[in-house]
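Shown next, in structure tokens, is the structure this report addresses.
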Amino acid sequence: TPSFHAYISNKICIRYRHEMMGYRICLRRGLSRLRDVLYTRRSSYNGASIRRQCCNGEEYTTHQHSPHHAATAAVFLLSSVFTYSYAKSKHDNLKHLDELYDANEFERLKDELEALTEEKDPEVLWRRARLLWELIKLSGKKTVENTKEAYSLIEQALILEDNNSDVHRWAGILSNAYNEQVGLRAQIGNLMTMKYHLTRATELNNNDASAWTLLGIWHYELTEMTWYQRKLANTFLGSVPEASYEEALECFLRAERIAPGNWNRNVFLIGKVYYRLGNTEEARKYLKIVLTLPHTIRDDKEIEEEAKKLLDKID
């Protein structure tokens, strides 16, 4: 009588021979687990050992076994396949949401995310917060209430998963947006929190160009603080956090190496920091690059105008 393992192995190998690699890996792992359950502890089985060969050429020893063990092993096998299928489906859905965001199709994205409002998944929560922030900016009505709503979604995501670079990047963005609406004192008090989240984002994903740009902006804006803002920072924080044009430039250049020309603002800021440092040659180089970049987001036209003004000042 053919063993259960030989039967299921051949059926699966034939059926999934041409399926994607991910399924083959999961099935192989499931079969391995199935074999562990069915054919270990020989003393618990009756019958002689039989040498058999799977369709992949691998030899193994089989023993007679109980239906209970076969059912248990089958559960492990099916679990491997369904787990992979669920992960792949989730990845495809998130990719679709990001494509809608990149295409500025915010109404469609809103409809699809509204169907997921009951999901307590950090990947869904930070995307909901991102969309809400974009809609707030489009409306031109930034208030304590609506920025708090966006920030609260990120806080929920952080509780669920503290090791997600996207969540930390948006925690940096929205903590600043919310505290900016509360007032200057709150915004200054949030400086180190913002830096922590942006730094953490780069640690979790060293290739997150957006996080590097935002961290560079943190250093740049802090270096550009007025005497009054510094006085307030000294009052509320004890001292102004350390920052410099050099650190800002390092972050901007890092982002540019990861994703060249991906964000017009980043290229512009490289030129602007070089100008602040007195390197007009490099400043002119990057500002001219800005003028060649396509406009892909709302801010790009404004960035181009700023680049032209700074070039005129240099020349």
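The values are calculated or read from the model by the stated rules, or taken from the named source; none is laboratory data. Computed from a predicted structure; not experimentally measured. A quick note on method: Cβ atoms are made from the backbone with ideal geometry, for glycine too, and the neighbour counts reach across all protein chains shown. The protein model used for the area step is the full one, side chains on, heavy atoms only, and it has no ligands, DNA or RNA in it. Shrake-Rupley method; radii C 1.70, N 1.55, O 1.52, S 1.80 Å.
Rounded to the nearest 10 Å², what accessible area does Lys195 have for a 1.4 Å probe in the complete protein model?
50 Å²
At a Cα cut-off below 19 Å, give the lysines reachable from Lys141, other chains included and same-chain residues fewer than 8 away excluded.
Reachable lysines: Lys110.
Listed highest first by mean packing, meaning other Cβ atoms within 10 Å per residue, what order do 203-209, 153-159, 262-268, 164-170 come in?
164-170, 262-268, 153-159, 203-209
Report the dimensions of the stretch 138-184 along its three principal axes from the alpha-carbon atoms, largest first, rounded to Å.
For the stretch 138-184, the Cα extents along the three principal axes come out at 31, 21, 16 Å.
Going toward the positive end of the dipole of the stretch 150-217, with +1 on Lys and Arg Cβ and -1 on Asp and Glu Cβ, which of Ile188, Val167, Gly216 do you reach last?
Ile188
Bin width 10 Å, alpha-carbon pairs only: give the P(r) of the stretch 166-240 as whole percents, running from 0 to the bin holding the largest distance.
With a bin width of 10 Å, the distribution comes to 21, 50, 25, 4.
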